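Asks: Submitted below is the structure of interest, expressed as structure tokens.
The values are calculated or read from the model by the stated rules, or taken from the named source; none is laboratory data. Small disclaimer: the values here were computed from a predicted structure and weren't measured. Virtual Cβ from ideal backbone geometry, glycine too; neighbours counted across all protein chains shown. Note: areas computed on protein heavy atoms with side chains; ligands, DNA, RNA excluded. Shrake-Rupley method; radii C 1.70, N 1.55, O 1.52, S 1.80 Å.
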Amino acid sequence: MNKLREYVVTIGHVGMVVLITLLSVFISVGITVFVTYFWGVDFNVMGLFIAILAPLIIAPIASWYLMKLLIKVHHLEIDMRVLATYDVLTGAMTRRAFQTNFETLYRLAKRNKSSLSYIFIDVDNFKKINDSYGHAAGDEVLKAFSLVVKECTRSSDLLGRVGGEEFALVLPGTNVEGAVKVSNKIRCLANQESVLYGDEVIAYTVSFGVAVFDEDNDVEVETLYRHADKALYQAKKLGENCVAHYGSTLKSQSTNNKDKLKVVR
């Protein structure tokens, strides 16, 4: 059914009406010739004329609304799919779509024994921005930040809005050093690009918590979440506007969890 709708949309509304009309004429003439031959009735021009004229009148009227409705349903379905996949405000993936795509990338990384970085991101003091400038201004900050992230990441990376001012970023094939580098690049760019809202210039900062899946950290999805969440908590605790990671390559020799978190300013 979906392929049929795609075919209809490709041909277009008018094109489909013309196609259906010509097909109707062909079928009508074919039936007329068959019935005439089968019943042994003399073939006449008037019968042929009616066989052609009837579908030329009826088919466009009947198919015009039907094709219009079918194309409209197709576009509505696409719009609904987009709304279910992407956050309208920021263009980042919705929480559910992000989760589904992330788990696919996680299974791929696990099967191929490649690294995968997961980053929790939080806009610092976002409530204060909303209280000081209004929620519309806060929305502009979120939109501006999502553009910054997209500018610093690849098309293969995943960005999701997982909370009000909370985002998550997945970097396939990226180890902890690479994830920290990307996070710091985003952080610095966000610091440089203030948001202009009306007459107000709004500066904002962002904190990052990085966790990695690789040979040394063969952890399950839930554990990877916890590691990134712990790293983000540490970034907040150490003054915000920084990147904290929970990984193997950059961790200290200590086995204490607190010592495994390192901050890059």
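Asks: In degrees from 0 to 90, rounded to the nearest 10, what is the angle of the helix 135-152 Cα long axis to the longest principal axis of the chain?
Replies: That helix lies at roughly 90 degrees to the long axis.
Asks: Suppose the chain between Val35 and Ala54 were pulled fully straight at 0.36 nm per residue; how much longer would it get relative to their current alpha carbon spacing?
Replies: My answer for the length gained is 5.2 nm.
Asks: A further question on this structure: Using a 1.4 Å probe on the protein heavy atoms, what percent of the accessible area of the chain belongs to carbon and sulfur?
Replies: The value for the chain is 60 percent carbon and sulfur by accessible area.
Asks: Sticking with this one: Want the number for Ile61 to Arg111: 0.36 nm per residue separation, take away the alpha-carbon distance, what's left?
Replies: Full extension from Ile61 to Arg111 adds 12.4 nm.
Asks: Follow-up. Going by alpha carbons, how many degrees (0 to 90, nearest 10) lie between the helix axis of 45-85 and the longest principal axis of the chain?
Replies: Helix 45-85 sits at roughly 10 degrees to that axis.
Asks: Within the chain, which is the longest segment containing none of the GluC sites (Glu not before Pro) that sit in a DSSP loop and have at most 16 other Cβ atoms within 10 Å?
Replies: Here the longest run is 1-192.
Asks: Longer than 21 Å from Cα to Cα, which of Lys150/Lys185; Lys127/Lys236; Lys127/Lys150; Lys143/Lys185; Lys150/Lys181 are they? Say none if no pair is.
Replies: Lys127/Lys150
Asks: Looking at the stretch 77-169, which trypsin sites (Lys or Arg not before Pro) are DSSP coil and have at most 16 other C-beta atoms within 10 Å of their C-beta?
Replies: Passing both the DSSP loop test and the Cβ count: Lys113, Arg154.
Asks: How high is the relative contact order of the chain, in percent, with contacts defined as C-alpha pairs under 8 Å that are six or more residues apart?
Replies: 16 percent
Asks: While we're on this one: Can you work out the accessible area per residue across the stretch 120-220, with the rest of the protein chains kept in place, probe 1.4 Å, in square angstrom?
Replies: That works out to 45 Å² for each residue.
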